[in-house]
Amino acid sequence: MSETNNWEPKIIAFLCNWCSYAGADLAGVSRFQYPPNIRIVKVPCSGRVSENMIMSALKSGADGILVSGCHPGDCHYISGNYFAKRRFALLSNLLDFIGIEPGRVSFSWVSASEGEQFAEVVHSVTERVKALGPASRLVKQLDAVQAA
Amino acid sequence: MPTINKRISEEIRAQARKLLEEGEVAAVLGYGAGSLPMTVKPLVVRRPEDCSKLIWSAFCVLNLANYLPAALKSVEPPRGPRDPKHEGPLPKVAILATGCWSRNIVVQIQEHQVARGRVVVMGVGSRGMVSRRKVEALFPGLEILAVEEGDHELVVRGADFAETINRWSVVRDNCQSCTHPDPVLVDLRIGEPVSERKNPNPFKQVEEIEQQSGDERWAWFTREFSTCIRCYACRNACPLCYCPTCFVDDAKPQWVGKSLDAVDTGLFHVLRAYHCAGRCTDCGTCETVCPMGINMRLLTKKLNKDVLNLYNIEAGMEPDSPLPLTTYTMDDPEKFIITELTPVPRAVKEGK
Ligand code: SF4
Ligand code: SF4
Ligand code: SF4
Ligand code: FES
């Protein structure tokens, strides 16, 4: 994959149904513009997002991944995001350890009333991913597989 | 004077015989002699007269906790519809355990894979186990036919050579960096307790990698795992990997492909290591059993380091506290969460 001027990253966003997804909705309703690079996957809680899902998105060619849940203390299931926080802290450190660029996989807390913040998070994530360029590490390239 | 390990072997045999004769346990999980030099095999002893087959040596590198759930199942009475109802407690199993294995047993108890009341832990203080690979590397191209073990040295013999080497110099990396060689859970003590090891930096190997640049780390990762043949020995030998269906065998969705593609292999290793986060005791078995000599233990060691730094927990040290990923505190670090945001241009904000 060559980097061209009109390359636009694809970013998979796992958004918690109760907060960040509603935040995305509010951003839309309030007409806050944000880059069209994200593809939203609605999940019941940030605690539902497993390392398998994140790595699978990366493998399938996502240039960036965003996981966003409710602010600590606001989780609909009380503590899902606290557990998620521990898991994601370890995962992002491990990915950094093996040389996956910091910024490929991002995490944020956005509540249902934070439409504007949601737009800002998406801006920020998109900028970071654009600066990194297309993902290549741990991305499965079909032609490489066929050649092997 | 017999060597320390000879004395420990004698004591294991005597204690195992006593436990079996008195009916205290239905089986003893230990080691028997392997068929090649520097190998041992896991052994389940059920009859007192077989206890003489039990041995202890510097080559006991397979983590016995891996076999404990199955050993416990194997001594349970049959529970079919026509079988008589079992009265009283289920039979017990005795198991040999050093520091790390005893911590793995603690994790199995915490994860409800093993009932505490059914295990008799025969605790042995570990003096570090020897890496067969490190010994072989000292004698390139030569066939080693026998290795005699002293307390501080090994005599390596081949067809036409015999050489004495220092024992500690060929001890496995994980044992050299171990700080808790003595079992944390002991029902029956074998030999003398060994003291906690003062290790100035148990995470040295991990830090060497952390200090490299991102590109160098990626190069290390790709190189280290490039020879993996996906035999899954590392997973099968690990006492944490007891899932009835491992994620690598999931077909829908298929998290990792089954090919030898470098990405699939890399994903397997990242995810396997990650599944051991907060549970791994750095027993080194995964690394020891790998036929390709891959150091996948560095990934779990990195996770161990982070779990210790972020949550102040070492796996299996406290039977009564929850595992690090099954609990949380309100003020867990969240440095990695995006907080500082790039400023958004006004025009965009106003939707123009
Ligand atoms: S690698 Fe993960 S899914 Fe597979 S057996 Fe181990 S813990 Fe279970
Ligand atoms: S991952 Fe390796 S070092 Fe950790 S407990 Fe399993 S076998 Fe032992
Ligand atoms: S034991 Fe070694 S070769 Fe086998 S799957 Fe694990 S790392 Fe790969
Ligand atoms: S419900 Fe939103 S993070 Fe749990």
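Each reported figure results from applying straightforward, stated rules to the coordinates on display, with no laboratory input. This structure is a prediction, so every number in the text was calculated from the model and none was measured. In this analysis, Cβ positions are derived from the backbone assuming ideal geometry, glycine residues included, and neighbour counts consider all displayed protein chains.
If the only charges are +1 at each Lys and Arg Cβ and -1 at each Asp and Glu Cβ, what is the size of the charge dipole of the range B:102-242 around the Cα centre, to the nearest 20 debye? Intermediate results must be reported in sequence, preceding the final value.
On the way: 18 positive and 20 negative charges, 110 e Å.
The calculated dipole for the range B:102-242 is roughly 520 debye.
Quick one: what does P(r) look like for the range B:200-352 with 10 Å bins over all Cα pairs, in whole %?
Reading the bins upward from 0: 9, 31, 32, 17, 8, 3, 0.
Could you give me the ³J(HN,Hα) list for the range B:142-156, computed from phi with Karplus coefficients 6.51, -1.76, 1.60 and θ = phi - 60°, whole Hz, x at Gly and Pro?
9, 8, 8, 9, 7, 10, 9, 9, x, 6, 10, 9, 10, 9, 9
At a Förster distance of 22 Å, what's the computed FRET efficiency of A:Ala131 paired with B:Ser213, Cβ-Cβ distance as r, to 0.05?
Efficiency, rounded to the nearest 0.05: 0.85.
For chain B, what is the convex hull volume of its Cα atoms per residue in Å³? Please list the in-between numbers first.
Values: hull volume 78.8 nm³, N = 352.
Dividing the Cα hull volume of chain B by its residue count gives 224 Å³.
Once both labels are modelled 7 Å past Cα along the beta-carbon direction, what's the B:Glu148-B:Asp160 spacing in nm?
2.1
Compute the Rg/Rh shape ratio of the protein assembly as shown: radius of gyration over Kirkwood radius, all on alpha-carbon atoms.
Values: Rg = 26.2 Å, Rh = 25.3 Å.
Checking Rg against Rh, the ratio lands at 1.04.
Determine the calculated [θ] at 222 nm for chain B from helices alone, applying -39500 (n - 2.57) to every DSSP H run no shorter than 4 residues and normalising by the residue count; nearest 500 deg cm²/dmol. Intermediate results must be reported in sequence, preceding the final value.
Working: 12 runs with 109 residues, N = 352.
For chain B, the value works out to -9000 deg cm²/dmol.
Counting DSSP beta bridges in the protein assembly as shown, what percent are antiparallel, to the nearest 5?
Details: 17 of 45 bridges.
Bridges in the protein assembly as shown that DSSP calls antiparallel: roughly 40 percent.
Just to verify a number: FRET efficiency for B:Ala233 and B:Ser74, C-beta to C-beta distance, R0 = 25 Å, to 0.05? Present the calculation step by step, with values, prior to reporting the outcome.
Working: r = 22 Å, r/R0 = 0.89.
E between B:Ala233 and B:Ser74, to the nearest 0.05, is 0.65.
Just to confirm the filter: which chymotrypsin sites (Phe, Trp or Tyr not before Pro) across the range B:139-224 are DSSP coil and have at most 15 other Cβ within 10 angstrom of their Cβ? Write out the running numbers ahead of the final one.
Details: sites: B:Phe161, B:Trp168, B:Phe203, B:Trp218, B:Trp220, B:Phe221; in loops: B:Phe161, B:Phe203.
Of the chymotrypsin sites (Phe, Trp or Tyr not before Pro), the ones in loops of the range B:139-224 whose Cβ has at most 15 other Cβ atoms within 10 Å are B:Phe161.
Considering the Cα trace of the range A:56-148, what is its radius of gyration and what is Dmax, both in angstroms?
In order Rg, Dmax, the Cα atoms of the range A:56-148 give 15.4, 50 Å.
Work out the FRET efficiency for A:Tyr77 and B:Ala251 from their Cβ-Cβ distance, taking R0 = 45 Å, and round it to the nearest 0.05.
Calculated transfer efficiency: 0.95.
In nm, to one decimal, how far is the modelled label at B:Gln113 from the one at B:Glu334, with both set 7 Å along Cα→Cβ?
3.2
Report the full-extension gain for the segment B:Ser321 to B:Arg189: residue separation times 0.36 nm, less the Cα-Cα distance, to one decimal in nm. It would help to have the intermediate numbers written out before the result.
Working: separation 132, 0.36 × 132 = 47.52 nm, distance 2.40 nm.
Contour length minus the Cα-Cα distance gives 45.1 nm.
Using Cα-only point scatterers and the Debye equation, what is log10 of I(q)/I(0) for the range B:139-259 at each q in 0.11, 0.18, 0.19 Å⁻¹, rounded to two decimals?
Log10 I(q)/I(0), no solvent term: -0.76, -1.23, -1.21.
Net charge near B:Gln211, counting Lys/Arg +1 and Asp/Glu -1 over other residues with Cβ under 14 Å of its Cβ?
Values: positive: B:Lys204, B:Arg217, B:Lys302, B:Lys305; negative: A:Asp96, B:Glu207, B:Glu208, B:Glu210, B:Asp215, B:Glu216.
Taking every other residue near B:Gln211 into account, the sum is -2.
On C-alpha positions alone, give me the angle between the axis of helix B:214-225 and the longest principal axis of chain B, in degrees, nearest 10.
40
About the Cα centre, and with charges only on the beta carbon of Lys, Arg (+1) and Asp, Glu (-1), how big is the dipole of chain B? Nearest 20 debye, please. Show your work: numbers first, answer last.
Details: 44 positive and 45 negative charges, 144 e Å.
Using only the charged Cβ atoms, the result is roughly 700 debye.
Considering the dipole of chain B built from charges on the beta carbon (Lys and Arg +1, Asp and Glu -1) around the Cα centre, which of B:Ser57, B:Gly257, B:Ala315 is farthest to its positive end?
B:Gly257
If you keep only loop residues by DSSP, which chymotrypsin sites (Phe, Trp or Tyr not before Pro) in the range B:234-299 have at most 16 other Cβ atoms within 10 Å of their Cβ? Intermediate values should be presented prior to the final figure.
On the way: sites: B:Tyr242, B:Phe247, B:Trp255, B:Phe268, B:Tyr274; in loops: B:Tyr242, B:Trp255.
When the chymotrypsin sites (Phe, Trp or Tyr not before Pro) of the range B:234-299 are filtered for loop state and at most 16 Cβ neighbours within 10 Å, B:Tyr242 remain.
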